[in-house]
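The values are calculated or read from the model by the stated rules, or taken from the named source; none is laboratory data. Keep in mind the model is a prediction, meaning the values are calculated, not measured. When we count neighbours, we look across all protein chains shown, and the Cβ atoms used for this are built from the backbone with ideal geometry, even at glycine. Accessible surface areas use protein heavy atoms only, side chains included; no ligands, DNA or RNA. Shrake-Rupley method; radii C 1.70, N 1.55, O 1.52, S 1.80 Å.
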Amino acid sequence: MQTEKKLAITVFSFPPDKGNVGTAAYLNVFSSIFSVLKELERDGYNVEGLPETSEALIEDILHDKEAQFSSPNLNIAYKMGVREYQSLTSYATALEENWGKPPGNLNSDGENLLVYGKQYGNVFIGVQPTFGYEGDPMRLLFSKSASPHHGFAAYYSFVEKIFKADAVLHFGTHGSLEFMPGKQVGMSDACFPDSLIGNIPNVYYYAANNPSEATIAKRRSYANTISYLTPPAENAGLYKGLKQLSELISSYQSLKDTGRGPQIVSSIISTARQCNLDKDVELPEEGEEISAKERDLVVGKVYSKIMEIESRLLPCGLHVIGEPPSAMEAVATLVNIAALDRPEDEISSLPSILAETVGRNIEDIYRGRDCLKLIVADNELGSLKQALEGKYVEPGPGGDPIRNPKVLPTGKNIHALDPQSIPTTAAMQSAKVVVDRLIERQKADNGGKYPETVALVLWGTDNIKTYGESLAQVLWMIGVMPVADTFGRVNRVELVSLEELGRPRIDVVVNCSGVFRDLFINQMNLLDRAVKMVAELDEPADQNFVRKHALEQAEALGVDIREAATRIFSNASGSYSSNINLAVENSSWNDEKQLQDMYLSRKSFAFDCDAPGAGMAEKRKVFEMALSTAEATFQNLDSSEISLTDVSHYFDSDPTNLVQNLRKDKKKPNAYIADTTTANAQVRTLSETVRLDARTKLLNPKWYEGMMSTGYEGVREIEKRLTNTVGWSATSGQVDNWVYEEANSTFIQDEEMLNKLMNTNPNSFRKMVQTFLEANGRGYWETSQDNIEKLKQLYSEVEDKIEGIDR
């Protein structure tokens, strides 16, 4: 009977702060929960006492009703005594090595363990405790493995044994449960995810574009995932000075041959400088005499840059479960889907068709795809109800719906792909283009010299979505091609001759994410075999940098050439991330050296194809020596939905400043980002990409007003982008001062915006103010003393507001 079913909805709070309750990728969590509960109520579920609005729901969960003032604590749903906790939690003693005796100081009042949340009839909405390591960088630094803390264990003991949930619904991407220590796959009762979830059926709303972490949730916490749509992508558009520039260029094109041409170009140059475009485009000095041809060239370069900004795709706002996109949003997504070639389906993109064909009706072409009804279909609530009745939820691929429309409609149980089928032939072709452009860019920036070593990152989700493009890039750098067997499994490589390659073999240092390691262990084996095969080739050192460096390292370390050619690294088995992101998000680090030590201690575990069953072995010395030869660092962006400052993963894996410190000459490596979100792949410097990201997201009214329209969650999203920008300053030093200055003008100097941020989500606003002060204190942002004094004053005001003090 639905009236008797008990459901525990679990939301996440990361980093641990009241302003972050309900974190999830591109999801308006509380509006979505409210929508789900209203639907379940119609189906007969008991949700007694549910407030009338989603805003009131937030208040219920965020505020401790017993507190006299606006308390910094969340609403306490249950106090669990230590004896009760120990009797309900059979594995409690196993946590004591890391956390001491219960109750500890996390989710605790010193006597009891505290479960935060609120119960409405037979539905409990609870806040999942965080990892617990966020505020302790030394523990992060030395922790190769860990365990959940007592408060975390108490939460799941409460859900299963006191509340007696028939199912748990984890709400949004992604929580901590599935990333707790234990085996990578095939959990046993000694693995913490298994102990925590116990016997509760686990239903999990997960972003459709994140199949790799959804797979981890399925493998490690037995989740039945239900995909939700990410917000529709729209063009970033132009605003303020950028819009003025566009208008000036339009007037130049019509008036350039009149006497006003030079005057308009002068205005274009000064406006471009005001917009900080002089970092991206070489501009003549103001007042300098330039010829008509040079004027055309300058205007052309500025036009190209603002077109790049205007046409960049970005998701606007946050998705609400059960709300399909509007007609305009659906059309925007359709246009983006139609803009890509799909050779696997023998479909050309609209731009190519339009270039080749005259007289075709564009509407007919749109209607010819089966996409529109899939975009507006809504099965996210329907699939949840199926799952809660123990029925079958239809599976479907995860990924970017623009790249792969088969992701639609959402509401599916997400799957990835056959891990042995990548890289595909198409991925290899795309990889060649990107690698060749990367090498050409590095040569242009480095006096015509080839890079000897490139340090790069392999992500799980990216390789699923692109069918192994970044994996293929590594193979092409060292000059080998993947070979598939008759079943389509890629299990060996063959050499490309130096003659055919037309350049030296580039050495690589590959940092695989923990998720990539879990999903693609066979491909790690393939890569390691390929690198070691190349190191053993009898080729000149100036044509084979893998061999050159391996021979030098073998001699220095007293090992054979195969061990010296170790290049495929990740975390220790069952461990994820360098944890730099945790330290940055919680402002719990002393200096950049500490962050770099964390990276080295967490990421120096190597895969060895000569001992494939041995797991990941620590090889820090080889890791450091290999990184010290890197002349370029490199990452890929493969989706318009997730860019450099949208998530903390990218800077968490960035070794740019670390490589500089390891190099004997202390020279900073060039840092590059490949953008394959459009049909024409671009390789930009990291600083160019950070600037593009800032202009199209953080500083773009279209983006931040879209976020503000979602209320509480939107403020947090803005704060998160600012914090991640500081992360890039910390790991790479590639953030221009003007980015912080403009952000301060947009969110702090504008009184109306400032008040809106403070009143909508004071906790996230406090974090934003703190982040500005931290950016200044750490030397990443130089600004006036007046700005700093205003920020300090604001910090004091918002602290008082949060604590309920009326001065």
accessible surface per residue for the range 366-516, probe 1.4 Å, DNA/RNA/ligands not counted, whole Å² -> 39
Under 12 Å from K301, Cα to Cα: aspartates and glutamates that are on another chain or at least 8 residues apart: D278, D280, E282
Nearest 20 debye, what's the magnitude of the dipole of the chain about its Cα centre given +1 on Lys and Arg Cβ and -1 on Asp and Glu Cβ? 880
Amide H contacts under 5 Å for S108, restricted to residues at least 5 apart in sequence or on another chain and with H modeled in the peptide plane, are L114
Let me know the charge dipole size of the range 390-473 about its Cα centre in debye, to the nearest 20, where only the beta-carbon of Lys, Arg (+1) and Asp, Glu (-1) is charged. 180
Value at 222 nm in deg cm²/dmol, rounded to 500, when DSSP H runs of n ≥ 4 in the chain each add -39,500 (n - 2.57): -13500 deg cm²/dmol
Once the in-chain neighbours fewer than 8 apart are removed, the lysines whose Cα is under 23 Å from K101 read K79, K144, K161
Inter-label distance, nm, simple model (7 Å from Cα along the C-beta direction), K391/R492: 5.0
Residue by residue through the range 274-283, the couplings from Karplus 6.51 cos²θ - 1.76 cosθ + 1.60 with θ = phi - 60°, in Hz, x for Gly and Pro, are 4, 8, 6, 6, 5, 6, 9, 10, 6, 10
Students often forget the sequence filter, so: which aspartates and glutamates lie under 16 Å Cα-Cα from K621 once same-chain residues fewer than 8 apart are removed? E552, E555, D560, E563, D597, D608
For Cα extents along the principal axes in Å, several values are listed as [x] 77, 68, 59; [y] 121, 68, 51; [z] 89, 72, 63; flag the one computed from this structure. [x]
Whole-number percent relative contact order across the range 179-329, with pairs defined as alpha carbons under 8 Å at least 6 apart: 26
If you put +1 on each Lys and Arg Cβ and -1 on each Asp and Glu Cβ, how big is the dipole of the range 741-807 around its Cα centre, in Debye rounded to 20? 240
Could you tell me what percent of the accessible area of the chain is made up of carbon and sulfur, with a 1.4 Å probe and every protein chain present? 49
The simple spin-label model distance between N522 and T3, using points 7 Å out along Cα→Cβ, in nm, is 5.3
If amide H atoms are modeled at 1.01 Å from N in the peptide plane, then the residues at a separation of 5 or more from C512, or on another chain, having amide H under 5 Å from its own are L458, F569, S570
Sort out for me the Cα centre separation of the range 582-625 from the range 69-112, rounded to whole Å. 31
Keeping all protein chains in position, work out how much accessible area D665 exposes to a 1.4 Å probe, and write it in Å² to the nearest 10. 90
With the charge dipole of the chain built from beta-carbon charges (+1 for Lys and Arg, -1 for Asp and Glu) about the Cα centre, the Cα from L74, S267, S304 projecting farthest to the positive end belongs to L74
With the cut-off at 1.5 for a/c, could you classify the range 246-330 from its C-alpha gyration tensor as rounded, prolate or oblate? prolate
Normalising by the residue count of the chain, find the relative contact order in percent from Cα pairs under 8 Å and 6+ residues apart. 12
Projected onto the charge dipole of the chain (+1 at Lys/Arg Cβ, -1 at Asp/Glu Cβ, origin at the Cα centre), which of L595, L196, F30 gives the Cα projection farthest towards the positive end? L196
